[in-house]
Amino acid sequence: MMAERQLSRSTQSVKSSNAEDENSLRGTLVSVGVVGAVIIIVWVSVFWLYMSRV
Amino acid sequence: MHRLEEIWMTLSIGLLVIFMVVIGFQTFAMGMGPPSHKETIDPQKVSQTAPFDDPGVKKMGENEYEVVMILQSFQFTPSDIELPVGAEVTFTMASPDVSHGFQVAGTNINAMVMPGHIQKITHTFNEPGEFLVLCNEYCGIGHQMMSTTITVQ
């Protein structure tokens, strides 16, 4: 009885932590967005520098 | 795949495609690729081979100039070049010894001049001023002294 309860608790906690992982991809999306923004800013800066010297 | 993953993968691939299309258009349609002139020369006979037997600034047409230049440790020949504003200048360069660089500060002129190869790069000087020319390939003990100027007036 005790063991069963513990087992069901642990499966629940595994399930809930999985659900959290999926939600936490929002953080990853924001991080990827920040990296992407830096790449765009650097690329556009170099492009502008080149074109201003043509 | 997670929905958010789909979003950033799509945006990333789209961004790469946009960058490549812009750079491809510049290179192939606007002629803005890096200098890559395919012409060879015997490096031991540079000073006897035309046009390098007579280095200097040559007027080719209306506001069109050619600068035939030898880059040799540790100087540019000719040095102290003078050009009029608005001149379209083609630099034709060769090296009889080691690899040299030809960079004009503040412009897009940046070329590597390797022994055995003739290098060409074209630029239009629209602004008057004095431009610093530097060798940006380490060429030996006097590399840091290898510089000259281009005066546009």
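The values are calculated or read from the model by the stated rules, or taken from the named source; none is laboratory data. None of these values were measured; they are calculated from a predicted model. Cβ: placed from backbone, ideal geometry, glycine included. Neighbour counts: every protein chain shown. Only protein heavy atoms, including side chains, enter the accessible area calculation; ligands, DNA and RNA are left aside. Shrake-Rupley method; radii C 1.70, N 1.55, O 1.52, S 1.80 Å.
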If you go through the range B:124-133 one residue at a time, do you hit one that is closer than 15 Å to B:His37 by Cα and not aromatic (Phe, Trp, Tyr)?
-> no
Evaluate the following for A:Ser45: is it more than 15 Å from the chain's Cα centre (by Cα), modelled with pLDDT of 85 or more and open to solvent by less than 70 Å² (accessible area, probe 1.4 Å)?
-> yes
Among (1) closer than 26 Å to A:Val35 by Cα; (2) open to solvent by less than 70 Å² (accessible area, probe 1.4 Å), where does B:Ile23 come up short?
-> (2)
Residue satisfying all of: in the range B:91-114; within 14 Å of chain A (Cβ to nearest Cβ) and open to solvent by less than 40 Å² (accessible area, probe 1.4 Å); nearest to the chain's Cα centre (by Cα) among these | B:Ile109
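Output the residue which, of all residues in the range B:26-41 that are closer than 27 Å to B:Ser79 by Cβ and open to solvent by less than 50 Å² (accessible area, probe 1.4 Å), is modelled with the lowest pLDDT.
Once the filter is applied, the top-ranked residue is B:Pro35.
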Which residue out of B:Glu6, B:Glu66, B:Glu88 is charged (D, E, K, R) and either over 19 Å from B:His123 (Cβ atoms) or loosely packed, with under 13 Cβ neighbours inside 10 Å (or both)?
-> B:Glu6
Please indicate, with yes or no, whether at least one residue in the range B:47-60 is surrounded by fewer than 14 Cβ atoms within 10 Å (Cβ to Cβ) and either touching a Pro at 6+ places or on another chain (Cβ under 7 Å) or modelled with pLDDT of 95 or more (or both).
-> yes
May I ask you to list pairs of residues, at least six apart or on different chains, whose Cβ atoms are under 9 Å apart, with the first in the range B:8-30 being within 12 Å of chain A (Cβ to nearest Cβ) and the second being polar (S, T, N, Q)?
-> B:Trp8/A:Thr28
Looking for whichever is modelled with pLDDT of 90 or more, more than 14 Å from every other protein chain (Cβ to nearest Cβ) and more than 28 Å from B:Val152 (Cβ to Cβ) here; the options are B:Gln44, B:Gln72. Which one fits?
-> B:Gln44
